[in-house]
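The next block holds one structure in the form of structure tokens; read it before the comments.
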Amino acid sequence: MSGALKDAAIRVERPAKTLRELALDKVREAIVNGYFRPGDRLVERDMCAQLGVSRTIVREVLRHLESEGLVANLPNKGPIVAQLDLDEAKQIYEIRGVLEGMAARLCAQRGSPEIVAALETSLQGIRDSYRDKDMPGVLAHTSSFYQTLFTMVDRHVAWGVVNLLTVRINHLRSMTIKTKNRDIEGPRQMAKIVEAIRRGDGEGAYKAAMDHVAAASAIAEAVLSAKESAG
């Protein structure tokens, strides 16, 4: 056996994700899914025990989540799960509406059966996850739906912008998808986007995407307004 083959035989493969990245994924998911709720204190000692990692990793995770807007570091209180701000939520939905409407129109103009098939796959995943009461699954398939919408018409810059907002978008989605009838109305609105794309109706696809975002925005505004009133 040659030296190169011997080296390959004993090489330690780097894991797909580092311990820090795994911890970051877990805490982000816990916030988005409501395990840690807005306003909850994130005590380093407790999180070390919960995650089974060092305090150094916990601090790095909290700093990263602060940069994403999910954690706030308050004087004399330390890190807490950031409160969702109504005005910020409105701005996020405004950006979503413009970008998703644009992407839907371009998909319709492209006239690609592959785009329609990929969107339908994600939409069926959303329906199945709602049926199984799998809210993380709903979020994952929803993100997949929109990734298809942008990347299959080569709008990677726009998708990059959306990705910067994805964590906060999913935080909002984690609230809106649980509201009454959203398991029916949400997929129905998204199906209208797909049908318009299938017909090659650019303006219809744009309007369907904008209508879907407007409906989600109204739900989020109602939920956040109720939380602010209760607070």
When residues of segment 195-206 are filtered for being part of a helix (DSSP H, G or I), touching a residue at least 24 places away in the same chain (Cβ under 8 Å) and open to solvent by 40 Å² or more (accessible area, probe 1.4 Å), how many remain? 4
I need every pair where a residue in segment 93-105 that is under 18 Å from Met152 (Cα atoms) has its Cβ under 6 Å from the Cβ of a residue that is modelled with pLDDT under 95 and of a type in the set (Gly, Ala, Ser), sequence separation at least 6 or different chains. Leu99/Ala158
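Working carefully through the options Ile126, Ile95, Ile184, Ile177, find the one that is touching a Pro at 6+ places or on another chain (Cβ under 9 Å) and either under 19 Å from Ala215 (Cα atoms) or surrounded by fewer than 19 Cβ atoms within 10 Å (Cβ to Cβ) (or both).
Ile126
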Of all residues in segment 23-69 being open to solvent by 70 Å² or more (accessible area, probe 1.4 Å) and not in a helix (DSSP H, G or I), the one that is modelled with the highest pLDDT: Arg41
Test for His141: is it buried (at least 18 other Cβ atoms within 10 Å of the Cβ), touching a Leu at 6+ places or on another chain (Cβ under 9 Å) and not acidic (Asp, Glu): yes
Does Val153 count as buried (at least 18 other Cβ atoms within 10 Å of the Cβ) and not polar (S, T, N, Q)? yes
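The values are calculated or read from the model by the stated rules, or taken from the named source; none is laboratory data. Given the structure is predicted, the values throughout are model-derived calculations rather than measurements. Cβ sites come from the backbone with ideal geometry, for glycine too, and all protein chains shown count toward neighbours. Side chains are part of the model used for accessible areas, which takes the heavy atoms of the whole protein and leaves out ligands, DNA and RNA. Shrake-Rupley method; radii C 1.70, N 1.55, O 1.52, S 1.80 Å.
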